[in-house]
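So the structure is just underneath, and the comments pick up after that.
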Amino acid sequence: MVVDLDRCTGCGACMVACAVENNVAPAEQKATERTGVTWLRVYPVSNGENFPANDTVFIPMPCQQCGNHTPCVSVCPQNAVEVDPSTGIVGQIPQRCLGCRYCMTACPYHARYFNWWDPQWPEGTETLLNPDVAPRMRGVAEKCNFCHGRLHAARTKAAAAGNKEIAAGDYIPACVESCPSKAIVFGDLADETSEVSRLSHSNDTFQFLPKLGTAPKVFYHSAKEWVRKMADRAPLA
Amino acid sequence: MNITRRELLTFAGGSILGALFTPVPWKLLDDSAIWTQNWSLIPGLPRGPETFTFTGCTLCPGGCAIKARRVNGLPVSLVGVTGHPVSNGFLCPMGIAGHHLAYHPLRLRRPWAFTGKGTDSLLTPSTLEEVISNLAPIVKDIQSSPTKGTVAVLDQRPDRVVSDVYRRFVSNIPGGMYALAPGSEDPTLTALRSLCKTAEGKLGYDLENTEVILSFGAPLLDGWSCPGRAVHLLQNRIHSGLRLIQAEGVQSRTALQADTWLPLIPGTEAVLALAIGNVLIRERLVPSKIEKTSADFQTYKKLVAKFQPETVADICGIPASAISETARTIASHSSVVMSGYNPAGGPFDAATETAIAGLNALLGNIGRIGGISLHRPLPSGPVSTSPAIALTEIPDHSVRLLLIDGAESGHTYPSSLLRRKLTADGGTVVMLSPYLSSRSALADFLVPSPAAFESLEEISTPPGAHRASFALSLPLMKQPDTAVDAVTFLSKLAGAAGLPSLGAESMESFLKQRAHDIWLSKRGTLTAPAGTSVTPTAEMAGEEQLWKGLSEGGCWVDDVEAKEAIPQSMLLGTLTPDRFDGASSPAQHATGTMRLIPHGWRNATTTASVAPVLSKLFQESHLRSLGGRVHINPATLAANALSDADIVKVTTQSGSMTAQVVADHTVIPGVIHAVVGPSPNNTAPTNQPEGEGLLGLCVVRDDGSWRITEASIARA
């Protein structure tokens, strides 16, 4: 995934589309930005200057799908986190999760969330939930998995057609689909001919906290130097 | 074989030790997490056949096209339609979760009546028959004694077929008025219409051919008009060369993405507009014919002579060179100048709107390709003779029965704006709405109308569009039996009050009539739902083909008339230059007080207008601010010995209110940026509507504007 931060307007469509797609429940009354569940969170980040020299960038931060020494995998005592070798996507298995939250502590991107409360939707809304994604229970951690339900559906469709590979366009995460600015590009990084691979190697494209050596599979792009420099610093939250 | 006690203990100990090296303990830990769940609270998922339906969003007049994924007939996800001729694939966060609104905790599931007035009023259950039986005598009494007050209908989304039904209804009542709610029309185009009274047709922005947009705070990238249009154009400007100059006193999302941001001091928009006018005239950048066609050119020229960029630079906070450069840029390209209707702050005052709109007239933009287009309205049969007036044009204390339509414009306004129109006894207010919103507090009767995606509705031309369009919003779920649409309600009320029939008595018949009128006009084309085919109306076999196409989610758009026609227009209209007296004097703008500016996000100004899952933006992250917070520049906070997260008391002429401070570098010093927004989680069913929050502190001026109010803050 490559996110063009210069195009992102911070509208929040990706966050809402993600929550609707993945059956993430509305906030409990006491939930805050620290205890809420947002598989994809958009952080408004300022350059710290005062008006009118101030500049703000909106940073969509899903799970970075770390490709090297994936921190959440190595600390999970339950094997509830697994990296799919065929896609490189880091999956979370809530039924195995013990709720120890080691993974949340280990994640340098603050991209993991804990269900502090039972998921509750307003009465009647459960009939409008996505049938492809099971709601998670209280006491387990969860995170972005690049819309696994959509990947599964695309694989099923390809299999039904007798194909081993899913067709381009059949698998697009909800955030990518909903972005009105087309700021998020998604595809196979391993395919050197793909748009996402080309963008990941373009100028001004960077990863967050590269010094940790986690090899995130989410790349960001910005022509603004202060934004690129910020990527080397502390986590956003 | 004898087993000794020692052997037994050794075996048991060994077993326990061995078990630790098996998956059993892990499995137990794993299962304990599952066993301790409260499974009754984990919802079951819908099962059934999967289908897709193309429809349209009716949450605001933008009318974005939607592709709905349905399971067992119910919608489970909504996405925009790529390639749609009007919305360009865009769908805002409210629209994405729009299907959840049907089950909003603040949903009205039956008619309600307020008993008592003011703070002592209580919501009590009622029935449609009771509501009608209470209203019919009032209508009859108004007919017999029109001097005691009349009936007014407030339409928040004009130009629909139901709008004409409203106009027919009031035309049957002596003195009946059909009024447009604030925010239902683009303020610049409204001002322009009064400047060029001879202009025929509808006015719109020809943004597709525009090279430069000068925006005075229009939220172009944050919900303006049909949001997908501006977003599509501005995000593709690297190819088109379109430029955006945003003059605004807050570094908004649009200002962040603008090519040039002019950090204008709020309240000086008219000064900047007149200073630009000064440069245009001084440097002879105005088309020569404007001097001849504008009756008040000399008056305007004399007025703007006082607004030299050098003398007003400090007033507006914009360097003189930037003012001159802006004037030259908009004069040397096809451009439009627009003001922004803030979803909570409303329009600028009348003088400012005229000064901004007048720049379009001065540049000869009206009727010019890439400027302000003159386009034909939606084809329709005979329209009611009852005129549409602005809410502000209704005489104060003249309305005895006020009917408020439930279709939202996405904008809000202070309730005092409505209260002053009611008769001295408070009148009677009936509100058609799917939800118990902050505005419900005004009503005496609440009539539940269908929520979005529950009934067949129309998607009419969005405000500011450069050509007419028409589509249907097809229902995705069944509406509650108690929901009443406007046509049914009006028909019943007209019948009970002895008024003439309104004609066809169902929404579908009215919509079919509209499609019939379009087909008769032979204008425009019908684009198939996914943009797969485009069929000219003139080539259709019959009106059934058009209706079928619309019923499948197609969108009809009018042809663009490629002609230039510059009408005669004024530059100031009825506004006299003395309205700007002192505006060019720095002393006039030197106030020691702070200014309260309400700010909202379109269609998200009340809790009832957003689905609870929008808590992701408002509560579970810092992306959008919750209602009731005030954003203030850190320098201003320091000057007032305040800091971030403090609870402060905000005081204006209208009263006081406590609010939480957010230190915000994007806000200009000296301004209290008051958030009028939802609290998505504060949705416990209640018998009291939520208050209007900080909007209630705004002072409404005589011209109906409430954008800026002098205020003070102190630690609570």
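The values are calculated or read from the model by the stated rules, or taken from the named source; none is laboratory data. All values reported here derive from a predicted model rather than from experimental measurement. Here Cβ is always computed from backbone atoms with ideal geometry, including for glycine, and neighbour counts include all displayed protein chains.
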(message) Testing residue B:278 on (1) out of contact with any strand residue (DSSP E or B) (no Cβ under 7 Å at 6 or more places or on another chain); (2) over 16 Å from residue B:330 (Cα atoms); (3) among the polar types (S, T, N, Q), one condition comes back false. Which one is that?
(response) (2)
(message) Among the listed residues B:242, B:214, B:180, B:203, identify the single one that is touching a helix residue (DSSP H, G or I) at 6+ places or on another chain (Cβ under 8 Å) and under 13 Å from residue B:340 (Cβ atoms).
(response) B:214
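Rundown of residues vs (1) touching a residue at least 24 places away in the same chain (Cβ under 8 Å); (2) within 11 Å of another protein chain (Cβ to nearest Cβ); (3) more than 22 Å from residue A:178 (Cα to Cα); (4) in a loop (DSSP other than H, G, I, E, B), yes/no style:
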residue	(1), (2), (3), (4)
B:223	yes, yes, no, yes
B:234	no, yes, no, no
B:245	yes, no, yes, no
B:256	no, yes, no, no
B:264	yes, yes, yes, yes
B:275	yes, no, yes, no
(request) Among the numbered conditions (1) facing chain B (nearest Cβ under 9 Å); (2) more than 18 Å from residue A:115 (Cβ to Cβ); (3) assigned to a loop (DSSP other than H, G, I, E, B); (4) at pLDDT 95 or above, tell me where residue A:23 comes up short. (result) (2)
(message) Tell me the residue from B:599, B:622, B:673, B:631 that is surrounded by fewer than 18 Cβ atoms within 10 Å (Cβ to Cβ), under 30 Å from residue B:64 (Cβ atoms) and out of contact with any helix residue (DSSP H, G or I) (no Cβ under 9 Å at 6 or more places or on another chain), please.
(response) B:622
(message) The conditions are (1) in contact with a helix residue (DSSP H, G or I) (Cβ under 7 Å, 6 or more places away or on another chain); (2) part of a loop (DSSP other than H, G, I, E, B), and residue B:110 fails exactly one of them. Which is it?
(response) (1)
(message) Criterion first (within 9 Å of chain B (Cβ to nearest Cβ), in contact (Cβ under 8 Å) with a residue 24 or more places away in the chain and touching a Cys at 6+ places or on another chain (Cβ under 8 Å)) does residue A:57 satisfy it?
(response) yes
(message) Filter the range B:338-368 down to the residues that are out of contact with any Gly (no Cβ under 9 Å at 6 or more places or on another chain) and either among the β-branched types (Val, Ile, Thr) or free of Cβ contacts under 8 Å to residues at least 60 places away in the same chain (or both) and list them by number.
(response) B:356, B:366
(message) For residue B:649, only one of the following conditions fails: (1) in contact with a strand residue (DSSP E or B) (Cβ under 8 Å, 6 or more places away or on another chain); (2) buried (at least 20 other Cβ atoms within 10 Å of the Cβ); (3) charged (D, E, K, R). What is its number?
(response) (2)
(message) So, restricting to strands (runs of 3 or more DSSP E) that lie completely within the range B:370-456, which ones have at least 1 residues that are modelled with pLDDT of 95 or more, in contact with a helix residue (DSSP H, G or I) (Cβ under 7 Å, 6 or more places away or on another chain) and under 16 Å from residue B:179 (Cβ atoms)?
(response) B:399-404, B:428-433
(request) Test residue B:655 against the criterion of being of a type outside the set (Lys, Arg) and touching a residue at least 60 places away in the same chain (Cβ under 8 Å), and give yes or no. (result) no
(message) Being polar (S, T, N, Q), without any contact (Cβ under 8 Å) to a residue 60 or more places away in the chain and surrounded by fewer than 17 Cβ atoms within 10 Å (Cβ to Cβ) is the filter here; which residues of the range A:60-91 pass it?
(response) A:74, A:79, A:86
(request) Only residues that are more than 30 Å from residue B:107 (Cα to Cα) and touching a residue at least 24 places away in the same chain (Cβ under 8 Å): list them for the range B:598-638, please. (result) B:631, B:632, B:633, B:634, B:635, B:636, B:637
(request) Evaluate the range A:152-175: report whether one residue or more is at pLDDT 90 or above, surrounded by 21 or more Cβ atoms within 10 Å (Cβ to Cβ) and within 10 Å of another protein chain (Cβ to nearest Cβ). (result) yes
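Here is a yes/no grid of residues against (1) on the phi < 0 side of the Ramachandran plot; (2) within 13 Å of another protein chain (Cβ to nearest Cβ); (3) of a type in the set (Phe, Trp, Tyr):
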site: A:3; (1), (2), (3): yes, no, no
site: A:31; (1), (2), (3): yes, yes, no
site: A:37; (1), (2), (3): yes, yes, no
site: A:66; (1), (2), (3): yes, no, no
site: A:86; (1), (2), (3): yes, no, no
site: A:90; (1), (2), (3): yes, no, no
site: A:101; (1), (2), (3): no, yes, no
(request) Enumerate the helices (runs of 4 or more DSSP H) found wholly within the range A:93-198, keeping only those where 1 or more residues are farther than 30 Å from residue B:86 by Cβ. (result) A:102-106, A:148-160
(request) Tally the residues that are more than 7 Å from chain A (Cβ to nearest Cβ), surrounded by fewer than 22 Cβ atoms within 10 Å (Cβ to Cβ) and within 19 Å of residue A:125 (Cβ to Cβ), restricting the search to the range B:69-93. (result) 4
(request) Return the only residue of A:28, A:82 being closer than 17 Å to residue A:140 by Cα and either part of a strand (DSSP E or B) or at pLDDT 95 or above (or both). (result) A:82
(message) Looking only at the range B:289-342, how many residues end up being in a helix (DSSP H, G or I), aromatic (Phe, Trp, Tyr) and buried (at least 21 other Cβ atoms within 10 Å of the Cβ)?
(response) 1
